[in-house]
Amino acid sequence: MDRLKVLVVDDESRMRKLVKDFLVKDNFEVMEAADGQEAVDTFFDHQEEIALIILDVMMPRMDGWQVCREIRAYSKVPIIMLTAKADERDELQGFELGVDEYISKPFSPKILVARVAAILRRSNVASAEDILEAGGIVVNKVAHRVTIDGQEIELSFKEFELLTYFLENKGIALSREKILDGVWNYDYFGDARTIDTHVKKLRSKMGEKGDLIKTIWGMGYKFEA
């Protein structure tokens with residue numbers, strides 16, 4: 001299996017080297033960024049490759065909180081925040097921003113690497129199931145990215161979840177109620193016909209590939225590739 005790639009972000013080169021050495025020893029590939037702006041640029045240039053980010057809070061140009069906000073607006077990639085502060089308010093802010101783990105400095109590099117491995121197992125990043133492919137459509141569940149014949153398309157959150165659900169159940173006839181349960185879960189109490197609206201928008205954005213979502217009259221839909 002290809003080595004998983006971790007982005008290490010810290011303005012201290014000594015700290016980056018320490019973390020990198022332990023990650024490489026554990027068979028991870030490492031990319032580095034020395035400040036927040038470089039971290040954001042690096043992530044968006046390589047977001048399909050990066051499996052996890054280790055992110056320092058206090059940095060020049062853009063701090064870790066802002067980096068987290070920028071990335072979380074587009075991606076669910078796991079993020080571990082490093083901080084010199086052991087402040088409960090900082091931890092709460094981190095979790096509110098979608099941080100997966102919070103580690104205070106000084107820390108054991110071995111423990112950090114163990115946390116990285118545990119989060120990736122929990123996130124199933126190591127699984128091929130995170131990349132779905134059918135009929136020229138590629139869905140990257142980690143990067144929250146969709147390409148059709150190599151061209152990226154922009155989808156809303158629900159459109160992305162809907163397309164993912166179709167690919168995960170390709171060839172299976174799905175009722176509107178089943179799609180609601182799978183995509184909206186059980187907390188949606190509106191009309192199941194909302195599915196029709198979302199499917200119409202999704203088909204439009206998919207161009208010719210929209211025809212792969214077949215209508216089953218009186219029931220729902222089926223994705224066939």
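Readers should treat all values here as calculations from the given coordinates under stated rules, not as data from a laboratory. It should be emphasised that the depicted structure is a prediction, and the values quoted were computed from it without experimental measurement. Methodologically, a virtual Cβ is constructed for each residue, glycine included, from the backbone with ideal geometry; neighbour enumeration extends over all protein chains shown.
Here are a few things to note about the model shown:
- Estimated dipole of the chain in Debye, rounded to 20 [Cβ of Lys and Arg +1, of Asp and Glu -1, Cα centre]: 500
- Average projection, convex hull of the Cα set of the range 5-126: 6.6 square nanometres.
- When DSSP beta bridges are restricted to pairs lying wholly in the chain, around 50% turn out antiparallel.
- By the rule of a C-alpha distance below 18 Å, with chain neighbours fewer than 8 residues away ignored, the lysines paired with Lys222 are Lys158, Lys170, Lys178, Lys200, Lys201, Lys205, Lys209, Lys214.
- Three semi-axes of the equivalent ellipsoid, the chain, Cα gyration tensor, whole Å, largest first: 38, 18, 15
- Candidate aspartates and glutamates for bridging to Lys141, where Cα separation is under 15 Å - those fewer than 8 sequence places away on the same chain excluded: Glu48, Glu49, Glu129, Asp130, Glu133, Glu152, Glu154, Glu159, Glu161, Glu168
- Annotation: lysines with alpha-carbon distance below 21 angstrom to Lys20 (same-chain offsets under eight excluded): Lys5, Lys105, Lys110.
- Other residues with beta-carbon under 13 Å from the beta-carbon of Gln151 carry, at +1 per Lys or Arg and -1 per Asp or Glu, a net charge of -1.
- Each of Val8, Phe43, Gly210 was scored by the projection of its Cα onto the charge dipole of the chain, and the greatest displacement toward the positive side belongs to Gly210; charges sit on the C-beta of Lys, Arg, Asp and Glu.
- Each helix, a run of at least 4 DSSP H residues, gives -39500 (n - 2.57); summed and divided by the residues of the chain, these come to -11500 deg cm²/dmol at 222 nm.
- Neighbourhood charge, 13 Å Cβ-Cβ cut-off, centred on Phe160 and excluding it, Lys, Arg +1 and Asp, Glu -1: +1
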